[in-house]
């Protein structure tokens with residue numbers, strides 16, 4: 001059979017195409033990039049495979065101990081066995097696999113309606129939360145499991161009802177409090193919930209400590225934001241410097257490998273972005289769709305930043321330094337309303353609720369069959385001719401027993417579609433399909449559908465080749 005064109009889809013680790021956040025049928029991008037996806041391209045660098053699956057922790061749903069949305073999960077555990085999370089009414093203690101159920105936990109925090117963040121400082125937990133009116137800080141002495149529900153309001157004054165991101169450096173805690181930044185310095189035994197005032201209409205979005213400075217992200221509504229630098233000692237009332245973000249709203253700050261990354265919305269561009277801060281400049285790197293993640297919805301996963309957008313977990317970065325920076329929709333986050341995400345024991349934990357009484361605190365385990373990858377649309381025209389695809393070859397790792405993916409194709413911007421066949425032969429690495437039951441088309445994209453896949457045996461794909469010839473319209 002004549003071969004007049006050969007299209008090779010490789011470098012599947014490059015993730016989503018540049019315009020996929022605004023056009024899921026895009027033509028623009030590198031050959032191996034996706035127009036749409038929910039799949040894993042970082043766990044096996046160089047291969048596309050199924051999303052990570054989710055399994056509830058023991059006691060991790062409404063039939064166990066989790067009958068509320070877990071809003072914040074500590075990124076750093078207290079030790080190798082203990083971590084804490086906060087929901088809407090309770091403080092929970094976790095092990096690697098289990099939500100603890102004993103005489104102390106879950107622990108009720110009186111008056112709390114939404115947990116915002118948790119800081120560990122010298123044997124004590126500081127739990128920042130909101131109430132029906134205002135906010136507060138609870139403290140927990142870990143050695144005795146002694147809780148002080150309203151330590152914040154009895155030590156200083158009632159906090160605002162707002163986001164309360166927090167960060168720690170040695171014996172200093174900085175935290176967001178509406179238009180203010182509050183601070184607690186243990187050596188001085190002082191709490192000041194209004195240490196820095198950013199003005200009426202401001203709200204602190206996130207705080208990180210890096211290079212002996214506090215970096216404070218401040219939103220002024222949804223169309224203006226700034227990032228401020230503040231001296232590491234937290235003793236002054238003067239800011240060191242600032243970077244303007246412009247008509248955009250900041251979601252979170254995240255420090256990775258000495259770089260501060262920023263998630264933000266673009267009020268004019270129809271999407272969201274992640275970039276990095278360099279001096280006073282924020283350089284956008286990748287774009288995504290869904291929703292703007294906040295300070296509770298970011299974590300480290302396989303050397304990339306995993307974050308929540310919509311009801312999904314996304315990945316941004318490179319799994320190894322030599323690979324290009326990618327952004328990809330990695331996995332489902334569970335139920336439709338997503339709370340916190342973190343990787344306290346090296347594996348992401350994610351919390352969610354369906355809004356009807358079902359709750360989950362789950363972790364990555366195995367593979368999900370709720371996975372799909374769609375290539376870019378590829379132009380198949382030459383002058384007055386269009387493309388007839390007669391062969392598709394899919395290259396995989398040697399497949400295990402029960403591993404499977406379904407190969408599909410779409411043409412003419414989705415007007416033509418067909419299921420080509422199953423990628424499933426055990427131990428095979430080259431899967432050739434010669435019956436391509438769509439007519440000649442102007443454009444085409446390949447779809448890898450894992451809905452008939454396996455939860456323990458994955459189907460990793462290295463490259464896809466399309467062979468065909470041009471025919472008269």
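Readers should treat all values here as calculations from the given coordinates under stated rules, not as data from a laboratory. Predicted model only: the values in this text are computed from it and were never measured. We place every Cβ from the backbone using ideal geometry, glycine too, and count neighbours over all the protein chains shown.
Report the calculated FRET efficiency for residue 239 and residue 25 (r = Cβ-Cβ distance, R0 = 45 Å), to the nearest 0.05. Mind dumping the intermediate values first?
Values: r = 46 Å, r/R0 = 1.02.
For residue 239 and residue 25, the calculated efficiency is 0.50.
Working ranking of peptides 278-284, 368-374 by packing, defined as the average number of other Cβ atoms within 10 Å per residue, highest first, is 368-374, 278-284. The Cα-based radius of gyration of the stretch 1-146, divided by its Kirkwood radius, gives an Rg/Rh of 1.21.
If each Cα of the stretch 262-414 is one equal point scatterer, what is log10 of I(q)/I(0) from the Debye formula at q = 0.19 Å⁻¹? Relative scattering, expressed as log10 I(q)/I(0), comes to -1.27. Model label sites at residue 3 and residue 379, defined 7 Å from Cα along the beta-carbon direction, differ in position by 2.4 nm.
Kindly put 143, 153, 451, 328 in sequence by how many other C-beta atoms sit within 10 Å of each C-beta, fewest to most. List each step's numbers first, then the result.
Details: 143 7, 153 17, 451 12, 328 29.
Least crowded to most crowded, the residues run 143, 451, 153, 328.
If R0 is taken as 45 Å, the Cβ-Cβ distance between residue 255 and residue 419 corresponds to a FRET efficiency of 0.50. With each label modelled as a point 7 angstrom along the Cα→C-beta vector, the residue 121-residue 283 pair spans 3.5 nm. Counted by neighbouring Cβ atoms within 10 Å, the residues 396, 146 run from fewest to most as 146, 396. Ranked by the mean number of other Cβ atoms within 10 Å of their residues, highest first, the peptides 336-347, 185-196, 439-450 fall in the order 439-450, 336-347, 185-196. On a C-alpha basis, how far is the centre of the stretch 283-314 from the centre of the stretch 433-454 in Å? Whole number, if you could? Here the answer is 30 Å between Cα centres. For the stretch 144-170, the residues whose amide N sits under 18 Å from a probe point set 7 Å from the Cα of residue 186 along the beta carbon direction are 144-148, 151-152, 166-170. Fewest-first ordering of 90, 164 by other beta carbons within 10 Å of each residue's beta carbon gives 90, 164.
Taking the centroid of alpha carbons for each part, the stretch 349-377 and the stretch 22-47 are 19 Å apart.
Sorted by average packing, counted as other Cβ atoms within 10 angstrom per residue and highest first, what order do 312-318, 428-434, 460-466 take? Present the calculation step by step, with values, prior to reporting the outcome.
Details: 312-318: 24.1, 428-434: 14.1, 460-466: 20.7.
Descending mean neighbour count gives 312-318, 460-466, 428-434.
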